Structure formats: structure tokens, C-alpha cells
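All remarks here apply to the structure that follows.
The values are calculated or read from the model by the stated rules, or taken from the named source; none is laboratory data. Keep in mind it's a predicted model, so treat the numbers as computed, not measured. Counting neighbours? That spans all protein chains shown, and the Cβs are built from the backbone with ideal geometry, glycine included. Each accessible area value is taken on the protein alone, full model and side chains, heavy atoms only, with ligands, DNA and RNA left out. Shrake-Rupley method; radii C 1.70, N 1.55, O 1.52, S 1.80 Å.
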Amino acid sequence: MSRIAFPFLTLGTDAVHAGPWVLVENGREVVIEDPWIADWDSGRDVTLRRRIAVDLDIAASQLRIDIAQLALVLLMRVGTGAGNMPRTIVTATRREIRAGEILLEERVAGHSLSQRLLAETMILLGHPGSGAHTLSPSRPASKLWSDRIDLRLEGEEPRFPMESLSFSRRFAGRPEAYAPWYLHWAPGNLHRDFGGAVRLFLNSDRPDFTERLLAGDRATLQVVLADVMTQIIATSLRQSDFEQAVAESDSNSIAGRVEFWIRLAFPGQDIQTIRSMLDLRPSSFHAAVLAAADVATEEARA
């Protein structure tokens, strides 16, 4: 997570008491501990719930605004879509913040979801403020606090198997022994099932790397996924039958996955243009793929 230096005072964690997001399933609250919603399909609705309370006395002190003039608004947005930014805002709920706890709950229809579900909570300034400090927020809708949860929908975006092993033993005497990861796949038949044809090996001799990856470190995930995407996209584009394979294959095939990645990294560009970029402007090609591989919390973009 990166920190942003706002041009005005904001709220700290001691002013905002935000409970964890939970899934409501069969009347029970299940705390979300995995970024994947397992066994999901488009016929399954998703209900999100959380509780938030704001200590108005502390908030007024932190913002340097008299509590009698303090007006705060809670905004919850739920978005969906492929990639690192939600393409569609499914719901948006706005509530005035009073004393006491606020219960947020949104039921999102399964048929409206695609690839991922992102829920964002923000506390905004309600009306023009007249704080006692030059850095007090004064413009309505100034963002004073926010957080978000980003969930991937199982069944919507295939994952390939990962396996941790000692490279010093598996690749003894070979250059691969010193690599932090190794992508195992055989280029050729792009019609094959993606999940069964691709495997990512993690070097257990590098616990510094594997621990960051398995903990979901944003930069580590982005770099590894970008390398996987680059290898498979570049190799597939150089195959003469790539366009035919895409036309004949389903979304779970290697060709289908490559087509999805290409649309994500190079929106609106045709295959010949992308091939030309790969050959003539490889830095631009790699940067576009690296940007598309950003699947983490997007906190730096808040």
C-alpha cells in the first residue's frame, strides 16, 4: 500500500472504526480471508456487509473543524469488470454519518458481475467547511478516508497451478537454478486447456521471494504475472496460426487466455499492430503488459 499526501487534513484510523467485509451466506456472516470467491458462477448473487463507526469528536479534532459544523458522508461503491480497474459501477450508496454505527450491506446480482468484484468505502466532506486551520478540508466531496476490497471471482478467471520446489536440486548445474520462478509450458497447440498446460514453479531456495508472493505482495504479483503474460503472449503472436486458433478456441484455452490478455493490455489495437510493437518497440510492449498485470489492491490509484 502506498501513502498519498493530500493537500488537506484527513481522518486517521483512530477516528474511523471499520469492521471487516463479510460475505452473507445462508444468513451467516463469513469473514473474507481469501481474495478469491470460490465455487462462484453467474447464477450466484453476492451479498457484502460491513459495519463502520466514526468518532465525530476525534474526526472534528483531526480535521480542525468545529463539531457543530462537521458534515461527513459515507459513500460505498461496488464495481466489476476485467483488469485492474472496474469497468462498471454496479451500485453506489450514499449515507450521512451520524453518531453510532452504520451497517453497510449490498446484494449484487450474479449476472451483473464479471471477472472481479471491487467494493470501495469512502468518507467525504458533506458541505463546504470552515475549519480553524489552513489545511482543513473545505470543498464538498473532499475524500477524507477510504479503503477497498478487491475479490476475484472463481470460475470467471482461470488460475494456473503453482508449485514450490528447490531449484538447486531440480535444475542442478543449470542457469535456472538461480531463478526465483520458472514458467513451465510447451508452445505449440494453442487449443489446449490453459489450466492444464501451464505451471508456475516457485524457487523454495528463495524464501524472501516466495513469502512475498504467497502473501499477496502487489509488486511481486505484478512482476511475476507480467513475466508469465509476456512469455505466452509473445510466443503465441509469433505463431502463424494464432488468429485461427483464437477463432476456433474457447476462453479456457491458451489462445483464449492470450486473447483476453491482449484486449486488456492493448485495447482497440489489431494483432498486426501489436506484433509490430513487439518487434520494433519492445519497451512499449513490455510496459503495456506490465501495466495490465496489476491485479492487486490499487491503493496507489486511490
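Just the residues that are over 15 Å from Arg50 (Cα atoms) and open to solvent by 20 Å² or more (accessible area, probe 1.4 Å), please, taken from segment 93-114.
Once the filter is applied, which keeps residues that are over 15 Å from Arg50 (Cα atoms) and open to solvent by 20 Å² or more (accessible area, probe 1.4 Å), segment 93-114 yields Glu96, Arg98, Ala99, Ala109, His111, Ser112, Ser114.
Which condition number in (1) under 29 Å from Gly216 (Cα atoms); (2) of a type outside the set (Phe, Trp, Tyr); (3) buried (at least 16 other Cβ atoms within 10 Å of the Cβ); (4) at pLDDT 75 or above is the one that Arg64 fails?
(1)
For segment 16-61, how many residues are among the acidic types (Asp, Glu), out of contact with any Lys or Arg (no Cβ under 9 Å at 6 or more places or on another chain) and at pLDDT below 90?
Narrowing segment 16-61 to residues among the acidic types (Asp, Glu): 25, 29, 33-34, 39, 41, 45, 55, 57.
Now restrict to residues that are out of contact with any Lys or Arg (no Cβ under 9 Å at 6 or more places or on another chain): 25, 33-34, 39, 41, 55, 57.
Subset that is at pLDDT below 90: 25, 33-34, 39, 41.
Adding up the residues that qualify gives 5.
Within segment 203-221, can you find the residues that are crowded, with 16+ Cβ neighbours inside 10 Å and farther than 13 Å from Ala179 by Cα?
Across segment 203-221, the qualifying residues are Arg212, Leu213, Arg218, Thr220, Leu221.
Mind listing just one residue for me: the one in segment 182-236 that is closer than 26 Å to Arg169 by Cα and of a type in the set (Lys, Arg) and, of those, modelled with the highest pLDDT?
Checking each candidate, the answer is Arg206.
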